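Data block below; observations after.
The values are calculated or read from the model by the stated rules, or taken from the named source; none is laboratory data. Quick caveat: nothing in here was measured; it's all calculated off a predicted structure. Positions of Cβ are generated from backbone atoms using ideal geometry, with glycine treated the same way; all protein chains shown enter the neighbour counts. Each accessible area value is taken on the protein alone, full model and side chains, heavy atoms only, with ligands, DNA and RNA left out. Shrake-Rupley method; radii C 1.70, N 1.55, O 1.52, S 1.80 Å.
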Amino acid sequence: QVQLVESGGGLVQPGGSLRLSCAASGSIFSIYTMGWYRQAPGKQRELVAVISSGGSTNYADSAKGRFTISRDNGKNTVDLQMNSLKPEDTAVYYCYVDLDDVGNGWHSDYWGQGTQVTVSS
């Protein structure tokens, strides 16, 4: 089994910054894609940013230029640096990891428990 532990959420004023971190542990043979999604009240979960094992990144339009995703393959961690935060960034942020937890090259999706980010004055 695999566990994802998130940290770094909280309350921040508009224009402020937060850094989210997610650490994966357990039965891990290979990690493919890592990323962050978010879900605001009354809305569907949406992609924020993802990063491949090779370091290729993909951002939602709303995140481009403000957020930066990074990963440490040696530590099995993925971070999301969020700058210039806006009230519309308020949501529960979920860590996502696509990995091989058996050792056969298959892909399994895992999600973190979510961390609240609130942007308000």
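Summary table below
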| quantity | calculated |
| --- | --- |
| Zone of Asp109's modelled label, taken as backbone nitrogen in region 27-61 under 16 Å from a point 7 Å along Cα→Cβ | 32-39, 44-51 |
| Contour excess over end-to-end distance, with Cα ends at Asp100 and Thr118 and 0.36 nm allotted per residue | 3.2 nm |
| Qualifying lysines (Cα of each under 29 Å from Cα of Lys86; at least 8 residues distant if same chain) | Lys43, Lys64 |
| Separation in nanometres of the label points that stand 7 Å from Cα toward Cβ, at Ser17 and Val2 | 3.0 |
| Phi-based couplings in Hz for region 14-29 (Karplus 6.51, -1.76, 1.60; Gly and Pro marked x) | x, x, x, 10, 9, 10, 9, 10, 9, 10, 9, 8, x, 7, 10, 9 |
| Under the Karplus curve 6.51 cos²θ - 1.76 cosθ + 1.60, θ = phi - 60°, whole-Hz ³J(HN,Hα) for region 43-58, x wherever Gly or Pro sits | 10, 7, 5, 9, 5, 9, 6, 9, 9, 7, 5, x, x, 5, 10, 9 |
| Fraction of accessible area attributable to carbon and sulfur, the chain (%, probe 1.4 Å) | 47 |
